[in-house]
Each structure stands twice: as structure tokens, then as C-alpha cells.
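Inspection log for the structure reproduced underneath, given as C-alpha cells.
The values are calculated or read from the model by the stated rules, or taken from the named source; none is laboratory data. It should be emphasised that the depicted structure is a prediction, and the values quoted were computed from it without experimental measurement. So basically every Cβ, Gly included, is an ideal-geometry build from the backbone, and we count neighbours across all protein chains shown.
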Amino acid sequence: MCRHLGYLGPSRTLGSLIFEGEYSLEHQSYAPRMTQGNLLNADGFGAGWYHRDRAVRFRRARPIWADPSFREIADVMETTCAVAAIRSATVGFPVDESCAQPFRTGAGPDGAQGDDTGPGRLFSHNGKVEGFAGIEGKLRELAGDLAHVPDARAPVDSALLFALAARLWREGGTLGGALAEVVRTVAALAPGRYNLLAADGAALAATTWGDCLFVRQRPHTGRGERRFGEVWISSEPLDEDPDWRPVPDRSLVTADLMSGVRITPL
């Protein structure tokens, strides 16, 4: 059910994040190893990254391997924080660019005006809401005014999870705290897989609820302040590096370069 990854660390190209590694995100689009119930993630892809203090995106409703122009761009675009995702569309939802993730709120030409401060936030959902039609009305009620978050109007269940997170962020919730609250709220209404991932340019947060997730952190190699060099969060390990470690199901992951990765139960 889809795959996603988040990165925080020294500047590197999008191409290195998405296409490098024996089991890269691109590889997972046609040969995922740990997915549940689908053989391909070919119904769209997206990448969001931070450039000149704002979140920008590239999204398409096609397989990532079928867009050589994106790879050419990705090989020259550099960033210190990114979220990327590949999609396997749930039956009943369209294969449409508006449904490709990450979604965005805050900064940017199609982000919500007045919704956020700072560079904006990126959001991805790996999973599905079981029996979505039965709780859609309740989710819309909880999410509030969708005018604040244009991406939340996409015709897919993930969009309302994003809308709820965006509302909590607007109200002062932390990056990870909002994701945890979304999962607890929606899981109480309907079963499903609720692996969420978010970034704000300086931190990452993710949840596990029904699907796999792995983290990798590496130390800072320079002198001076004590900090971590880089943090990765990914649905599946991108290579055979032994530093990858699984995140227990029903957990919240928060990460920044000062504290590294922290995992707490949901």
C-alpha cells in the first residue's frame, strides 16, 4: 500500500535520495519487498523538498520509472530535507495527480494562505481507511474549513487525514503530536493502515499503524556541536546497510539533527 521516505541532513540531490540504493524508492515502485496486497506502486509519485526556505513539490499520476525528465531534474536539485512517495491507488479512488503525495500546507503558490508560518509542511499517508464512505462525513466535520488546505480537497481518503493534521498544526500542535492525534482519532472511527510521514524543513515525524517502517541515523562527522549528521525514515530499507532498524507497530517517530530519532508508543 504505497511507499514513502523522509530525509533530513546535509544537502544532497533528490536523485540520490530516490534512485540510489539496491532497494531505492524507485525500485519499490516495481518490486516492493514488504508491501501488503499489491505488487506495484505505479499509480503516481511525488517529491517534496525545501528550497530557499519554502516547500516545493513535483507530482505526477504515472509510474516514477516512466518519467525520465523527473530523474534529470532530481539529479541536480539539492535539499537538506525531503519527503517522497510512490502510490498504489486504493480501489474507488482515481489515479490523478491531485492524489499523489506529498501534500503540502503553508508556504508555496498552492499552499494555504495564512495557515502556517515558516516554510510549510509536507505530508504523506501510506495505507488506507477501511470503510471510508462510512466515516467521511465525520472526518470532514473534524477537519473543518478545507479552504485553508487546498490539497485536502483531493478525492482520496488520505486528503482528509492531511486536513485533520493541518488543522491541528494551525492550532499550535507539534509536527509529531498532530500525526499522533490524527492516528488515534481516525483509528477510533475505523480500522485501517495509518502510516503517516511529515516534515517541516527542520524535523521529521512519522507513525506506524498497520504497515512497516524503518529508520536510519548517522552521527555528525565534523567537530564542534554534538548533533546527528543525517536521519532517514523509509517504508523499507533502501539498501543492506545494517544501520536500518525497524520501528515497532503503533509507534510515533520524531527526529531532528540535535536529538536524533525518538520512538514512543502510540
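Once the range 95-107 is narrowed to residues that are crowded, with 18+ Cβ neighbours inside 10 Å and of a type outside the set (Val, Ile, Thr), the residue that is modelled with the lowest pLDDT is Ala107. Among the residues making up the range 240-265, those that are of a type in the set (A, V, I, L, M, F, W, C) and not in a strand (DSSP E or B) are Trp244, Val247, Leu257, Met258. Just one of (1) farther than 22 Å from Gln36 by Cα; (2) of a type outside the set (Lys, Arg); (3) surrounded by fewer than 21 Cβ atoms within 10 Å (Cβ to Cβ) trips up Pro248, so point out which. Answer for Pro248: the failing condition is (1). Contact annotation: residue pairs with Cβ atoms under 8 Å, 6 or more positions apart or on different chains, pairing a residue in the range 54-77 that is closer than 17 Å to Gly6 by Cβ with a partner that is hydroxyl-bearing (Ser, Thr, Tyr) and part of a strand (DSSP E or B), are Val56/Tyr50; Ala74/Thr13; Met77/Thr13.
For the range 16-27, the criterion of being within 16 Å of the chain's Cα centre (by Cα), under 24 Å from Thr208 (Cα atoms), at pLDDT below 95 and crowded, with 17+ Cβ neighbours inside 10 Å is met by no residue. Scanning for something part of a loop (DSSP other than H, G, I, E, B), under 30 Å from Lys138 (Cβ atoms) and either of a type in the set (A, V, I, L, M) or within 14 Å of the chain's Cα centre (by Cα) (or both), does the range 152-165 turn up at least one residue? The answer is yes, given that some residue of the range 152-165 is part of a loop (DSSP other than H, G, I, E, B), under 30 Å from Lys138 (Cβ atoms) and either of a type in the set (A, V, I, L, M) or within 14 Å of the chain's Cα centre (by Cα) (or both). Only one entry in Gln101, Gln36 is in a loop (DSSP other than H, G, I, E, B), within 17 Å of the chain's Cα centre (by Cα) and in contact (Cβ under 8 Å) with a residue 60 or more places away in the chain, namely Gln101. In this structure, is Arg216 free of Cβ contacts under 8 Å to residues at least 60 places away in the same chain, within 22 Å of Ala100 (Cα to Cα) and surrounded by fewer than 22 Cβ atoms within 10 Å (Cβ to Cβ)? Answer is no for this residue. Restricting Leu146, Leu196 to those that are under 18 Å from Gln101 (Cα atoms), buried (at least 21 other Cβ atoms within 10 Å of the Cβ) and in contact (Cβ under 8 Å) with a residue 12 or more places away in the chain reduces the list to Leu196.
Scanning the range 77-98 for residues that are part of a loop (DSSP other than H, G, I, E, B), of a type in the set (D, E, K, R) and over 19 Å from Ala199 (Cα atoms) yields a single hit, Asp96. One residue stands out among those in the range 226-239 that are at pLDDT below 95 and part of a loop (DSSP other than H, G, I, E, B): the one that is nearest to Ser11 (Cα to Cα), which is Arg227. Step by step: first the residues of the range 41-76, then only those that are under 19 Å from the mean Cα position of the chain (by Cα) and in a loop (DSSP other than H, G, I, E, B), then the one that is surrounded by the most Cβ atoms within 10 Å (Cβ to Cβ). Which residue is that? Looking at the filtered set, the residue picked out is Asn41.
Sort out which residues of the range 77-94 are at pLDDT 95 or above and surrounded by fewer than 22 Cβ atoms within 10 Å (Cβ to Cβ), and write them in order of number. If the condition is that a residue be at pLDDT 95 or above and surrounded by fewer than 22 Cβ atoms within 10 Å (Cβ to Cβ), then Met77, Glu78, Thr79, Thr80 are the ones that fit.
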